[in-house]
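Questions regarding the structure given below will be posed in turn.
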2 protein chains.
Amino acid sequence: MDYPQESFAATKFAPGSFWDSRREVVRAQTLQHQLQMLKRTGRYDAFKLKWHPCYSEPPTSYPVPNHQFWDSDVAKWIEGACYLLMDHFDPEIDAAVKELVQMIREAQQPDGYLNIHYTVVEPEKRFTNLRDMHELYNAGHLIEGALAHYHYYKNDELLSPILKYVDLLVTTFGAQDGQIPGYPGHPEIELALLRLYKVTGKPKHLKLAQFFIEERGNPQGGKEKRHYYDVEAEARGENEHMLPGYFPAARSYWYQQAHEPIVDQQTIEGHSVRAMYLLTAVTDLVHISKPDSEVGMKYLPAVHRLWSNMVEKKSYATGGIGSMKKWEGFGIDYFLPQSTDEGGCYAETCAAIGVMMLAERLLQIELNSDYADMMELCLYNAVLTGMSLDGKAFTYVNQLGSSDQDISQRHEWFQVACCPPNVTRTLGFLGGYLWTRHVMEQSAIVNVHLYTSATLSFEVSGSTVEIEQKTNWPWDGDVEFAVRTGKDGPPVDLQLRLRIPGWATSWEITPRPDQLDVRNGYLYLTAEWLKRNPQFRLSCPMQPRVAQPHPMTLQPVAYVTRGPIVYCVEDVDHPWEHNHFKSIVFDATAPLREESRSQPDSYVAIIAENGAPGELDTSAWNKRIVAEPQTKVTGECHDLCFIPYYLRANRGGRGQMRVGLRVV
Amino acid sequence: MDYPQESFAATKFAPGSFWDSRREVVRAQTLQHQLQMLKRTGRYDAFKLKWHPCYSEPPTSYPVPNHQFWDSDVAKWIEGACYLLMDHFDPEIDAAVKELVQMIREAQQPDGYLNIHYTVVEPEKRFTNLRDMHELYNAGHLIEGALAHYHYYKNDELLSPILKYVDLLVTTFGAQDGQIPGYPGHPEIELALLRLYKVTGKPKHLKLAQFFIEERGNPQGGKEKRHYYDVEAEARGENEHMLPGYFPAARSYWYQQAHEPIVDQQTIEGHSVRAMYLLTAVTDLVHISKPDSEVGMKYLPAVHRLWSNMVEKKSYATGGIGSMKKWEGFGIDYFLPQSTDEGGCYAETCAAIGVMMLAERLLQIELNSDYADMMELCLYNAVLTGMSLDGKAFTYVNQLGSSDQDISQRHEWFQVACCPPNVTRTLGFLGGYLWTRHVMEQSAIVNVHLYTSATLSFEVSGSTVEIEQKTNWPWDGDVEFAVRTGKDGPPVDLQLRLRIPGWATSWEITPRPDQLDVRNGYLYLTAEWLKRNPQFRLSCPMQPRVAQPHPMTLQPVAYVTRGPIVYCVEDVDHPWEHNHFKSIVFDATAPLREESRSQPDSYVAIIAENGAPGELDTSAWNKRIVAEPQTKVTGECHDLCFIPYYLRANRGGRGQMRVGLRVV
């Protein structure tokens, strides 16, 4: 198992390249901005365990206190900071990390317990509401923060108290007498414990993660042989009609993917971030146990099944997942409206980050470009759109169409602030997503999933291997590779496997191998060929394309895409628009012209000349439910200007935006 | 105000005609069947005020006890029986009505109170939960039952105790000191009180109805200047997180159309039956107060606005309203999926009955065929589909497409049994929907809204007026009229106004008047012309047509209609179908051939020859979110056989059915 949160350190992004620029913004602006937000909102000082006035406020989403996630917001910021400090030391960020670590150390209770809410506000209620509260979720993020801290600082100032806390959890949870046979409502600690296990090698860490995964959704759990959430709710004296704000009905445990054991789940349901974090952990468990072990063979089919259901029936063109606002998650199959006023669209930033995590883990089990295609789609669209170009404003929900209720805009922070630091840490360890490597005694295999200008360096038995890729991706599909092996040590047999993007209608490699060995969307390059061809070029020509969603989504729209980028239209380029592009008809046969732009950032815009012949004429339906079939267009003909979806809400305007435009 | 529940008595349906046959089934089969159901389920004996085991059962929809509506089920059956007894005496039905009336009389409490649940189960909780409980709704149906009873039996055996109960309500509710300043969660008593007022002429009956209407949704109600439902819930000691099963969030008072005063409501929201009953009462109030009075000018614009929102943006092709199952009501504008697996479709039978009620009332204020078109659409489709041909099986929900979760089927009864007796009583007084008349001293105006074979007879100053229409409607659009006036008394100046159906692409009247005076969809015929032409023919040719829903509904489908009838396809005619006709492509340009059938009833089927060129080929989307735009069809070409929607689920099959078929 090669965690990108660790392997990223082997990758250097080329200065000025697409991702280097984004990461530089995050390092120079976002970390600082988010630090200010942590301070301004009270999160920074919260581990001092003093009362904050907001602790008395009623929950926005009953029964979860609004500050319930604060521990994780701090932990994720520490995690992101540690990844980025590795690139570039920043004394102010370093000082803040150190101060936070000190506060966390001091906040730890004598028995190892470590949680703000349950120490300050309800100390008697520890571990009494695993279903709704984020106690174990926070613990998971503390573990991940501690691992990043340990990785960067090479000391256990943070890891040590966290290990003590984990020891308390190991004692507290499990199937033994006196233990709590429960599992967290929001998965996160499972994947964190498995990462921890890789570092510590201690079976107790693996065992606790496995317990949480295996027990989840057990209808006959614990000694009482009942669903743990029922037992727990009864112990809290709760009435089943007191519904959490995210439950549409009593016992909606599918919200937490706990309605039945994971292995029995046929479709992906509920809160999309929880689903992704859970399946990432399950995939990690499969990897650690080996796919052909009993555990592997038990869980891998479930992960495959739920992944397929998600990608084929519950994902948006941008890679966003989840259409239902109430439970921030998945709707029924093919229910994928673009906007609130069409039935709902959620596509939370954190969920797309979760898709990337899961895809990356699956790629380590089975090299298949379907996973990498989804990972790339999310990265350039549903994830990247979550942060403004200046790195100081964020989105939580990423709809494909705006509406009067939900215009397309970013915010500097959120009450539930999971997304902003999640983008930070993801960009922090982004290098880990580009490629995965398998290092053997005198050989190595590197699977290249994503293309950008970057260099991967690692050692094989004392010999340095360097793989450099140079490209103007995502604007240009030519990638120049340079492979250097064995120059300072014994020779290394390096094999490369290059992803051929699913969106590529053609591609070529130069020089061309005699035989092209493509398996599951990856081009396999042998050590022999690479020795003869240490420099080569992969070309995946990019051109504007028109695509449509699955007909069962009942979305009569077309998208403009180019390479991995999904495009949208914004009112700032179309001042005549007034209805969020809902009525605009898109002539999908209009010529699409590329236009390279440099403001506010470098990108390729796409102009559809006379692409909007007018608005849909619905006058035939005036006062009527049905009318004769007809497709009339009214109003003026206009050009349409498409810009990358991730770039939306960066250039002013009224927040009117749409990805899929109506075709007739 | 001419209530159809009274005016219907002036209409005689021609033997063997479409509606006479349906009414004969209701009289001979349905009344008996429903009587047996009342007896079998415990409803019949419930007014004996003994404990029934089901009173202890937990509510299916918290917090409403499952037997909460029983009073109304009995009252509606009595009401329907009284309408139908007028046509044809049935000693068994007569005896049951009399026994029930006796039981109701004996159930009345000394102070006049009359309710099963709050006498037997929770006597101390009378009028403590107007929001959720159906106490006043039941009272309304008791009033309506009593009025029908009074009308038929010409005695006050039922009306008398009901008037006593109403006196208690008049004392209990209002803005005076010591009165409850509340209003019912489920409107019904308002329209019942206004009907009662017409009979009694007592201002207190009008005043109480007006109080309920005017106070509804008042954010500063009562002495406490707060919303009454808040005050009431607080008095019950309720936690705001204990959500009724139909509330998606706390204080979802829009469910009851009580989120704001009626006059302020901009869009039609919430439970669709409640909305229709409420607006019917509001329209009655406008009519009684006169449209140009202060009350009329206050409320009529709101009714118009909400009607338009409903018809233009929240109605199905069948006339059904409401897509949201959770609150049995309206979704957002244009959110009108056909089936559960596409996002939801409700279209409750009672709601369509409510649309007919509201449309009829509006026609009395403003003669406009838009209202009558909707009334006819509902009658022949969303209402008529609610009962099987044999009169013994019913639907509650009337989706436009079946799914594995919700196949197209009928049931002999329901736990919440509002719909079956509602269809019974509606067909009982159906004659009252055909026409409305304004009788003056020596003249009369009759507005003809619906066509069928029937005769209207009434007196004008001692002279009998008869208007006879003869037609094979809804299968044939020729209507022969014969008008007879003044044969047994002084001459009568009769004017007729004939609705020209909105679906009619052409029409003619023979003989043709020199000038055709058509206003708001009605052809005005003068007394002079009618004296010269006492017999004439209106022809509205019917042919199969293809129609489509509003483009903003995002439903890429076409319907087959003919005259007022909306058609569907069923698997019984297409044994090869296996996916609820979801994937079948309909070639809307295929020739449509009519086929007159006589089994299981007379109707016109429509055959689309080679109408289904195959199934939509979605293979391009295999494992992908988007694909190149394309429309491919796969599989075999078939004929499609369309049958009237109301006829569905009468001829066997697997319950696979669809109204709108995909067009590409």
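The values are calculated or read from the model by the stated rules, or taken from the named source; none is laboratory data. Remember, predicted model here, so these are calculated numbers, not experimental data. For neighbour counting, all protein chains shown are included, and Cβ atoms are generated from backbone atoms with ideal geometry for every residue, glycine included. When the accessible area is computed, the model is the full protein with side chains, heavy atoms only, and any ligands, DNA or RNA have been set aside. Shrake-Rupley method; radii C 1.70, N 1.55, O 1.52, S 1.80 Å.
Would you kindly derive the ³J(HN,Hα) couplings of the range B:455-466 from the backbone phi angles with the Karplus curve 6.51 cos²θ - 1.76 cosθ + 1.60 (θ = phi - 60°), listing them in order in whole Hz, with x for Gly and Pro?
Rounded to whole hertz, the list is 10, 9, 10, 7, 9, 10, 6, x, 10, 8, 10, 10.
Right, another one. Within 10 Å, at most 10 other Cβ atoms, and a DSSP state outside H, G, I, E, B define an exposed site. Report the longest part of chain A free of exposed GluC sites (Glu not before Pro).
That would be A:1-440.
Per q in 0.20, 0.21, 0.22 1/Å, what log10 I(q)/I(0) does a Debye calculation on the alpha-carbon atoms of the range A:92-226 return?
Per q value, in the given order, log10 I(q)/I(0) is -1.23, -1.34, -1.44.
Label A:LYS12 and A:GLU466 with points 7 Å out from Cα along Cα→Cβ: what is the distance between them in nm?
Computed distance between label sites A:LYS12 and A:GLU466 equals 0.7 nm.
Something else about it: Can you give the mean number of other chain Cβ atoms that lie within 10 Å of the Cβ atoms in peptide B:542-551?
5
Assign unit charges at the C-beta atoms only (+1 for Lys and Arg, -1 for Asp and Glu), then state the dipole size of the range B:4-432 relative to its Cα centre in Debye, rounded to the nearest 20.
It works out to roughly 560 debye.
A:SER160 accessible area, nearest 10 Å², 1.4 Å probe?
For A:SER160, the solvent-accessible surface is approximately 50 Å².
Where does each of B:TRP70, B:TRP576, B:TRP503 land when they are ordered by accessible area, with a 1.4 Å probe and the largest first?
Sorted descending by solvent-accessible area, the residues read B:TRP576, B:TRP503, B:TRP70.
What does the highest-first list of B:491-499, A:284-292 look like by mean Cβ count within 10 Å?
Details: B:491-499: 21.8, A:284-292: 18.4.
The most tightly packed comes first, giving B:491-499, A:284-292.
Moving to a separate point now. Take the solvent-accessible surface of the protein heavy atoms, probe 1.4 Å, and return the percent of it on the range A:440-539 that carbon and sulfur atoms account for.
Heavy-atom surface of the range A:440-539 belonging to carbon and sulfur, 1.4 Å probe: 42 percent.
Just how much of A:LYS125 is accessible, in Å², when a 1.4 Å probe is used and the result is rounded to the nearest 10?
Surface open to solvent at A:LYS125 totals about 90 Å².
Filter B:LYS12/B:LYS392; B:LYS76/B:LYS313; B:LYS76/B:LYS164; B:LYS290/B:LYS531 down to the pairs with a C-alpha to C-alpha distance above 29 Å, please.
From B:LYS12/B:LYS392; B:LYS76/B:LYS313; B:LYS76/B:LYS164; B:LYS290/B:LYS531, over 29 Å: B:LYS76/B:LYS313; B:LYS290/B:LYS531.
Dividing the Cα radius of gyration by the Kirkwood radius, what Rg/Rh value follows for the range A:546-662? Could the numbers behind the result be given before it?
On the way: Rg = 15.0 Å, Rh = 15.1 Å.
Across the range A:546-662, the Cα-based Rg/Rh ratio is 0.99.
I'd like the distance between the alpha-carbon centres of the range B:33-84 and the range B:352-391, rounded to an integer number of Å.
So the separation of the two Cα centres works out to 27 Å.
Now, a different point. For the range B:4-432, build the charge dipole from Cβ charges (+1 Lys, Arg; -1 Asp, Glu) around the Cα centre, then report which of B:GLY329, B:THR60, B:ILE180 sits farthest towards its positive end.
B:ILE180
What list of ³J(HN,Hα) values in whole Hz, one per residue of the range B:155-162 in order, does the Karplus curve 6.51 cos²θ - 1.76 cosθ + 1.60 (θ = phi - 60°) give from phi, with Gly and Pro shown as x?
Running phi through 6.51 cos²θ - 1.76 cosθ + 1.60 with θ = phi - 60° gives 9, 10, 4, 9, 4, 4, x, 5 Hz.
Here's a follow-up. What's log10 of I(q)/I(0) for the range B:1-160 at q = 0.14, 0.17 Å⁻¹, Debye sum over Cα points only, no solvent?
For the range B:1-160 at q = 0.14, 0.17 Å⁻¹, log10 I(q)/I(0) is -0.75, -1.03.
I've got another one for you. What does the charge add up to near A:PRO184, with Lys and Arg as +1, Asp and Glu as -1, over the other residues with Cβ less than 13 Å from its Cβ?
-3
Which listed residue (B:HIS205, B:GLY80, B:MET375) has the Cα farthest towards the positive end of the charge dipole for the range B:4-432, taking +1 on Lys and Arg C-beta and -1 on Asp and Glu C-beta about the Cα centre?
Farthest towards the positive end: B:HIS205.
If you rank B:PHE8, B:PHE414 by how much accessible surface each has, with a 1.4 Å probe, what is the order from largest down? Don't skip to the answer; put the middle values down first.
Working: B:PHE8 10, B:PHE414 35 Å².
Largest accessible area first, the residues go B:PHE414, B:PHE8.
Then there is this: Where only protein heavy atoms count, and the probe is 1.4 Å, what is the accessible area per residue for the protein assembly as shown in Å²?
Details: 45620 Å² over 1328 residues.
The answer is 34 Å² per residue.
Tell me, what is the percent relative contact order of the range A:169-285, built from C-alpha pairs under 8 Å that lie six or more residues apart?
Relative contact order, the range A:169-285: 29 percent.
Would you mind giving the mean number of other chain beta-carbons within 10 Å of the Cβ of each residue in A:246-252, as a whole number?
Averaged over the peptide's residues, the number is 2.
Let me ask another. Residue farthest toward the positive end of the dipole of the protein assembly as shown, with Cβ of Lys/Arg at +1 and Asp/Glu at -1: which of B:SER602, A:GLY217, A:GLY401?
Positive-most Cα among the choices belongs to A:GLY217.
May I ask for the percentage of alpha-carbon pairs in the range A:440-539 that lie more than 16 Å from each other?
54
If the range B:312-436 were replaced by its equivalent ellipsoid, with semi-axes equal to the square roots of 5 times the Cα gyration tensor eigenvalues, what would those be, largest first, whole Å?
24, 19, 11
Using Cα pairs closer than 8 Å and at least 6 residues apart in sequence, work out the relative contact order for chain A, in percent.
Averaging sequence separation for qualifying contacts and normalising by length gives 12 percent for chain A.
Let me ask something else about it. Kirkwood-based Rg over Rh for the protein assembly as shown (C-alpha set), two decimals? Walk me through the numbers on the way to the answer.
Values: Rg = 35.2 Å, Rh = 34.4 Å.
We get a ratio of 1.02 for the protein assembly as shown.
Further question: Over all distinct Cα pairs, what is the inverse of the mean 1/r for the range A:512-614, reported as the Kirkwood hydrodynamic radius in Å?
This gives a value of 17.3 Å.
Further, regarding this structure: Can you give me the Cα centroid spacing of the range A:429-500 and the range A:545-588 in angstrom?
If you average the Cα positions of each part, the centres end up 37 Å apart.
Could I ask something else about it? Principal axes first, then extents: for the Cα atoms of the range B:4-432, list largest minus smallest coordinate on each axis, whole Å, largest first.
For the range B:4-432, the Cα extents along the three principal axes come out at 59, 51, 47 Å.
So how long is each side of the range B:257-356 along the principal axes, counting just the alpha-carbon atoms, biggest first, in Å?
Result, largest extent first: 48, 23, 20 Å.
Between A:GLU124 and A:GLU240, what FRET efficiency comes out of the Förster formula 1/(1 + (r/R0)^6) with R0 = 30 Å and r the beta carbon distance, rounded to 0.05?
Approximately 0.80, to the nearest 0.05.
Other chains near B:626-633: what is the mean number of their Cβ atoms within 10 Å of each residue's Cβ?
The mean count of partner-chain Cβ atoms within 10 Å per residue comes to 5.
Give me the distance between the Cα centres of the range A:154-193 and the range B:286-346, rounded to whole Å.
54
Over all directions, what mean area does the Cα convex hull of the range B:610-652 project, stated in square nanometres?
Here the figure is 5.0 nm², rounded to one decimal.
Next question. Kindly write out, for the range B:114-121 in residue order, the coupling ³J(HN,Hα) from the Karplus curve 6.51 cos²θ - 1.76 cosθ + 1.60 (θ = phi - 60°), rounded to whole Hz, with x marking Gly and Pro.
Using θ = phi - 60°, the values come out as 8, 7, 5, 4, 7, 9, 8, 9 Hz.
Using only protein heavy atoms and a 1.4 Å probe, how much accessible area in total is buried between B and A, to the nearest 100 Å²?
4200
Name the residues whose placed amide hydrogens come within less than 5 Å of the amide hydrogen of A:SER453, ignoring near sequence neighbours (fewer than 5 apart) on the same chain.
HN-HN under 5 Å from A:SER453: A:ALA14, A:PHE18, A:TRP19, A:THR471.
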